[in-house]
1. Among the residues of the range 140-184, which ones are of a type outside the set (Gly, Ala, Ser), in a loop (DSSP other than H, G, I, E, B) and surrounded by fewer than 17 Cβ atoms within 10 Å (Cβ to Cβ)?
2. Considering the range 284-315 alone, what residues qualify as being assigned to a loop (DSSP other than H, G, I, E, B) and touching a Phe, Trp or Tyr at 6+ places or on another chain (Cβ under 6 Å)?
3. Which number in (1) over 18 Å from the mean Cα position of the chain (by Cα); (2) crowded, with 22+ Cβ neighbours inside 10 Å; (3) polar (S, T, N, Q) marks the one condition that GLN217 misses?
4. Starting from residues that are open to solvent by 10 Å² or more (accessible area, probe 1.4 Å) and more than 17 Å from GLU207 (Cα to Cα), keep the ones in the range 129-139 and report whichever is modelled with the highest pLDDT.
5. Which count do you get for residues in the range 101-139 that are assigned to a helix (DSSP H, G or I) and within 20 Å of ASP178 (Cβ to Cβ)?
6. What about SER198, is it among the small types (Gly, Ala, Ser) and touching a Gly at 6+ places or on another chain (Cβ under 8 Å)?
Amino acid sequence: MTDLHRRNALGLLAGGMAFLAGCSESSDGNGNGTDPATDGSTDSAGGELPPYASMLPTTEQPEYFYGAIDVETMYTLVNDEGAEAGKEPTDPLVGNPVVVALLCWFGLGQLGTSAGFDAYNDNNETENGEEQFVYADGVYALVGSYDRDGVATDLEAAGYSIETEADGYSVYADSSSDEVVGVTDDVYAYSYPNGGDSSFDPVTAVERTVATAAGEQAPKHEADDDFEQLLRAGDNSGIACCLYTDDDAFDSSTLSDDQASDTDSLQFEFGAFDGSYGVHQGLSVAGDAATARATVSYSSDDLVDEDGLESSLGTEATTKSVDRAETTVTIDAEYGEEFARE
């Protein structure tokens, strides 16, 4: 999924954060029976869906991953003068969301060097602090408010060619960089060919994302009750990430593909979730303190590993609680100033 080296992490953080701050100033599953609902609503299945749920597309692959970070959290991290003195966390409750943040910052850096950057920046009408950055299905997406006609005019002036024009969305491609851009009134999405995966088509992936955002395709949570329940049970503030499979449990390779392979790699650590079919993690930062939550879902009682989760997650937390409700385990942890300044 991603391989981010520690020696580059601080540069990605500083460059990505400064870039975003400048832009903002200018601008069927496992079958549990949960009833679908609209974004932002609540029901007996749990809490609210995240505001970007309506753009998370349904795909043909059994495995599904997305990560998201809100701009307010980015501001908090940008203003953290002690960040340079920090160390990479070994606690997956913190480490996995941190990798999501780095992944999103990397995506922002790509946008900042693209020929279509001005089209995004000049037509971004999002209120300060309300824009969110989401990575899903190989696509980077900024969720906010955009002048679609203005974006189209500027992209065409920059040499982008139209790939798809629909009532609610448009898709463009840049032949010089192979960048693909999709836009709706609420989403600016972009992607590139994946050199390691010849089957990945950025045009298809971007079009699927913006068509979903425009309401012309059903989002993942409406097509999969278990996925919806996982989103509702998780903490969607700050930084969020979700790993999910349509199968009864993750394949071992899904959990190990993104393990750190050497001392220079900063990667996802999902090994603690063996036997589950879904995990949703959230990390919120407030000054020198942070709170984290992981919601882990299993398809049957005999697969639940509450003890394993307790011993593997929250290892650097000041306080931690582990709660089980049938086949779902929730871990909540708090981290104080001593962790932020390690």
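The values are calculated or read from the model by the stated rules, or taken from the named source; none is laboratory data. The structure displayed is predicted, hence computed values, not measured ones. Quick reminder, even Gly has a Cβ in these numbers, built from the backbone with ideal geometry, and neighbours come from all protein chains shown. The protein model used for the area step is the full one, side chains on, heavy atoms only, and it has no ligands, DNA or RNA in it. Shrake-Rupley method; radii C 1.70, N 1.55, O 1.52, S 1.80 Å.
1. ASP147, ASP167, ASP178
2. Across the range 284-315, the qualifying residues are SER299, VAL304.
3. (2)
4. Restricting to residues being open to solvent by 10 Å² or more (accessible area, probe 1.4 Å) and more than 17 Å from GLU207 (Cα to Cα), the top hit is GLN132.
5. Selection size over the range 101-139: 12.
6. So SER198 fails the test.
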